[in-house]
Amino acid sequence: MVRAFQAFAKERQLRKITGDIEIKSAADYTPKPGDADYIRKNDVPWLKRFAEDGGKVVISGNTAMKNVPHERMALNELGFVVIFFESQWSNWSFFRKCALLLHWWPQVARTIKRAKPGFWHIPCNYKENGKLRQVATEDPKRLKFEKRPKTKVRKRKIKKPLKPLNPTFFDLDLMSTDDDKKASETKSQESPKERI
């Protein structure tokens, strides 16, 4: 897709919108095995090389890149304007992806010229005069966790003493046995003279 947009960038209509921007491929900056900064399946080395070469904008088809902590941190620290696509974009065909990017290209160009470093999303629709959506640069999972409604601290209910119920036959029977035991204990504690 990069080659397609490199060809489009030479067209006069697109140059009016974008000015003299140069479109580069991540593959031009990706370290090869054996390079000192090569790390397998990691985008940080090419991002650093791109920034050292004067790169300021990353348009990424890797929709999961912002969810990988070390890659998100590199994008932030290197001060890039980063433009992502929505996650469903990954499942689209090459032609549909190109059509969407071409449709949004004027808005992408305006964002590139005006935006401060941050993350932006290209919507997966074809609205006329639409805008890119700015998204947080922090960890999306943490933000989702923090946005959850806080649970209320429940106050413990103070138990009220139970109201005495009318005694049942069983309760009366128990009370009479208890009374009988107390009476017999007091009689046994009395001296023998008192019994006579």
Where trypsin sites (Lys or Arg not before Pro) fall in DSSP loop in the range 52-111, at most 16 other Cβ within 10 Å: LYS56
Among the listed pairs LYS32/LYS131; LYS32/LYS113; LYS66/LYS131, those beyond 28 Å (Cα-Cα): LYS32/LYS131; LYS32/LYS113
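Which loop GluC sites (Glu not before Pro) in the range 1-95, with loop taken from DSSP, have no more than 14 other Cβ atoms within 10 angstrom of their Cβ?
Numbers: sites: GLU11, GLU22, GLU52, GLU71, GLU77, GLU86; in loops: GLU11, GLU22, GLU86.
Passing both the DSSP loop test and the Cβ count: GLU11, GLU22, GLU86.
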Alpha-carbon centroids, the range 1-48 and the range 72-97: separation in whole Å: 13
Taking PHE119, PHE8, PHE94 and counting other C-beta atoms within 10 Å, the order from fewest to most: PHE94, PHE8, PHE119
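Stretched out fully, how many nm does the piece from GLU22 to VAL135 gain, at 0.36 nm a residue minus the Cα gap?
Values: separation 113, 0.36 × 113 = 40.68 nm, distance 2.48 nm.
Stretched fully, the GLU22-VAL135 segment lengthens by 38.2 nm.
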18 Å cut-off, amide nitrogen to a point 7 angstrom out along CYS98 Cα→Cβ, residues in the range 1-42: 1-15, 23-26
Stokes-Einstein D in µm²/s, Kirkwood radius over Cα pairs - the range 1-86 at 20 °C with 1.002 mPa s viscosity: 153
The range 2-147, relative contact order in percent, only Cα pairs under 8 angstrom and at least six apart counted: 20
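Convex hull volume of the Cα atoms in the range 2-147, per residue, in Å³? Present the calculation step by step, with values, prior to reporting the outcome.
Working: hull volume 19.3 nm³, N = 146.
Hull volume over Cα atoms, normalised by residue count, gives 132 Å³.
Bear in mind these aren't lab numbers, they're just calculated from the coordinates by the rules spelled out. Please read all numbers here as calculations on a predicted model, not as lab measurements. With ideal geometry, Cβ positions are generated from the backbone for all residues, glycine too; neighbour counts draw on all protein chains shown.
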